[in-house]
1. Give the average over all directions of the projected area of the C-alpha convex hull of the protein assembly as shown, one decimal, in nm².
2. Size of segment A:7-298 along its principal axes in angstrom, Cα-based, largest extent first?
3. Note the full-extension length gain between residue A:117 and residue A:292 as 0.36 nm times their separation in residues minus their Cα-Cα distance, in nm to one decimal.
4. If neighbour count is taken as other Cβ atoms inside 10 Å, put A:222, A:2 in order from fewest to most.
5. For segment B:1-68, just the Cα set please: Rg and Dmax, both in angstrom.
6. Between residue B:185 and residue A:301, what is the spin-label point distance in nm, taking each point 7 Å from the Cα along the Cα→C-beta axis?
7. Once you wrap a convex hull around the alpha carbon atoms of segment B:1-152, what is its projected area averaged over all directions, in nm²?
8. Per-residue mean of other chain beta-carbon atoms within 10 angstrom of the beta-carbon, peptide B:168-181?
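What follows is calculated from the coordinates using simple rules that are stated; it is not laboratory data. Please read all numbers here as calculations on a predicted model, not as lab measurements. Cβ sites come from the backbone with ideal geometry, for glycine too, and all protein chains shown count toward neighbours.
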Ligand SMILES: Cc1cc2nc3c(=O)[nH]c(=O)nc-3n(C[C@H](O)[C@H](O)[C@H](O)COP(=O)(O)OP(=O)(O)OC[C@H]3O[C@@H](n4cnc5c(N)ncnc54)[C@H](O)[C@@H]3O)c2cc1C
Ligand SMILES: Cc1cc2nc3c(=O)[nH]c(=O)nc-3n(C[C@H](O)[C@H](O)[C@H](O)COP(=O)(O)O)c2cc1C
Ligand code: FES
């Protein structure tokens, strides 16, 4: 018998627990030649701001051992463009589309959420309070529990869509932030965004990234991400979307056992454009091989 | 539509210092490819290196379903790729990107290649020769040993002008200087350029000065290769407005007059 793969993220029903990590999958069509997007539980699209942004200087990407550092800087065409050009495409998809949002101020987050609230084809909002690549906003909100709660509440008040808040690992106590954000009404949490990092070119004696610092992702961050999901699961009762270095189903299963209800595949899509679907197929095979009837039985199963 | 597939290595050999030629069986990519496009190559089967490497499509044989690459070994990825043996499988995504704009059949065209920049231009000249264009290739290299693809260009009936930095073959100096002195731009319908950035910038300046059209193929570090991650931003000016374009999806080929060099 086929196991049940359906999971709930707030009021959003996902046919299976696999989505994409924001910023690694564009708006969806970019990967359509390689993946039947409707087979995924959701897609999470590029971070969007009220106004278009041009992002950071190049180089924006550096390969590091088992990972990459990026400093894209939230380049995006802005909310109006998203609504006009991508929302019609989102409406044609059978899967859920989660739009990742960012702003410089609490008001901007709220305005953006309000603007996207009536847009059909958007299933949920993921609030990025954890981007290490922008000067204002971003991580500044994600590292202060009170500010994180304030943004969460403002977005919740501005939309009826499920609100997922994306947490930064660049904090001393991620559980404390999670508790505040959950208390402020978040429907779910995404754990984790990238780790702030840096690399230097020893020949030129200069930083390798145009922006000097960037966000580390890929297999190198997985143990940090698993630990973060583990701690957040113990701190809150809302669902968690786990991410950070998922390359294969085995990695995704670690996240689920640590407490993630769903998982997002990011950097892996660069290595293997079919990684999202291969992770999903692997999860299903694992459930069948182990006689587990429902994926939800596995969520947090490694917890004491 | 682009594919991802395992392609069998048919041949691999060194053609110049640090430079390798590789033939792969990839009929689905060869069939769709146009000159100037690239493939995103997984250089190992492990997670080291994690990212794919963009390499231009050097040549295709559609009847044989064969695709060829020409690459310089400069780091980890290309070094691993050069060690692949006939019979090995190499995972490719492609064809990717926007290629060169072809001229009217029979046009007089110039092709400027600097170093490994010759790689995509062989496929281009293949196509231009099929269109009965009159082709002059300006081929620049460090020295005689490093001159690439001159025989291939000649076989396709292109006129070949060689410039080497040390003068060990052809004209002594760089391609840009040669073109600056000797080109008759009024008789050239289109100029195609691929090489190191200073060379492309130099030729683009000549084209701008002569007010004639040209295209350059840009390089930028890439993640996804499909337009999703915005790693590969290049500055492009369109009607006076400068925006970031994606080298992988909006390029790698851009009109020479639109590129903002920095
Ligand atoms: C569209 C396009 C077509 C190309 N076609 C060819 C070709 O036909 N033949 C050829 O020899 N080279 C080509 N290059 C350059 C080639 O991609 C790099 O030489 C290669 O990625 C180096 O990898 P590495 O692991 O050996 O070097 P490393 O220095 O170890 O690479 C480290 C990282 O930097 C990136 N990188 C380093 N140099 C470049 C570069 N010049 N351009 C883009 N990324 C770079 C790598 O992809 C990798 O992510 C092309 C580049 C682009 C963007
Ligand atoms: C190139 C790139 C761009 C990203 N852009 C965003 C973004 O716009 N918003 C966001 O919340 N996270 C962004 N991220 C973070 C990812 O969504 C994810 O949290 C992180 O990369 C960890 O997952 P991974 O190791 O599977 O990539 C980006 C990551 C990468 C590599
Ligand atoms: S490499 Fe990802 S957008 Fe160009």
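1. 26.5
2. Principal-axis extents of segment A:7-298 (Cα, largest first): 55, 45, 40 Å.
3. Extra length available between residue A:117 and residue A:292 comes to 59.3 nm.
4. Going from least to most buried by this count: A:2, A:222.
5. Radius of gyration, then largest Cα-Cα span, for segment B:1-68: 12.2, 35 Å.
6. Output for this residue pair reads 7.0 nm.
7. For segment B:1-152, averaging the hull's shadow over all directions gives 8.8 nm².
8. Across B:168-181, the average partner-chain Cβ count within 10 Å equals 0.
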